[in-house]
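What follows is a single structure, written as structure tokens, with notes after it.
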Amino acid sequence: MLSRFYTVGLSIAILFSCKTKVDPAEGMVAWKNKGDSLVNRSFDTLRNTLLKAIGENGFAGAVTVCNTGASGLMNVYAGEGTSIRRATEKFRNPANRADSTERKMIRYFRELMRDKKELTPITEKDAEGKIHYFKPILVQAMCLNCHGDKITQIKPDTWQTLQEKYPGDLAYDYKEGELRGIWHLVFSNRQTQ
């Protein structure tokens, strides 16, 4: 009887020890969850900062905050081995110009939208072992005050500030729900915690 308990116990131990191997798909889920968390915190910080600026100085004031502080707000949550950026093809700030990988992902998300498929973040590992997280940025109604039609939606003082701060601005004439760009996070360290 004791040997039977021993055999069952050994079988259970072997079964659980086999489970300690890391499933690559589970690992990518952990990176996706980390990306979701960082994007949510970054977006909340940016949105709250812009809402405060709008309340104090209108949308033209928000443009100034974006110009001087948006990238710094993104870096608050970036850490050693982690970078956070927003990228687009129709950029306002040249630092947000999409590179070839980002353009590929923007086109992919556009195709999904065109085919009326769900947009969900994508997590991939590159040849160097870095994890890339991509999440679409969709235009919300409030965004149209700075990114909408320059005649009917963007107020003249806001448009003037945009032209002063961003002379080569391409980030207008959007409609609500359109793809504005993507969040692109790169994790070059190996820990998801």
The range 74-193: spread of alpha-carbon positions along the three principal axes, whole Å, largest first, is 48, 34, 24
Just the Kirkwood number for the range 128-193, please: inverse of mean 1/r across all distinct Cα pairs, in Å, one decimal.
14.0
First obtain the Kirkwood hydrodynamic radius of the range 37-83 from its Cα pairs, then insert it into the Stokes-Einstein equation at 25 °C and 0.890 mPa s, and state the resulting D in µm² per second as a whole number.
223
As an exercise, identify the GluC sites (Glu not before Pro) in the range 45-89 lying in DSSP coil whose Cβ has no more than 14 other Cβ atoms within 10 Å.
Glu80
Result for the range 36-179: accessible area per residue, probe 1.4 angstrom, in square angstrom, of 56
Estimated inter-spin distance, Arg114 and Arg41, nm [label 7 Å along Cα→Cβ]
3.7
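The values are calculated or read from the model by the stated rules, or taken from the named source; none is laboratory data. Fair warning: this is a prediction, and the values are worked out from it, not measured in the lab. Note that each Cβ is placed from the backbone with ideal geometry, even for glycine, and that neighbours are counted across all protein chains shown. Note: areas computed on protein heavy atoms with side chains; ligands, DNA, RNA excluded. Shrake-Rupley method; radii C 1.70, N 1.55, O 1.52, S 1.80 Å.
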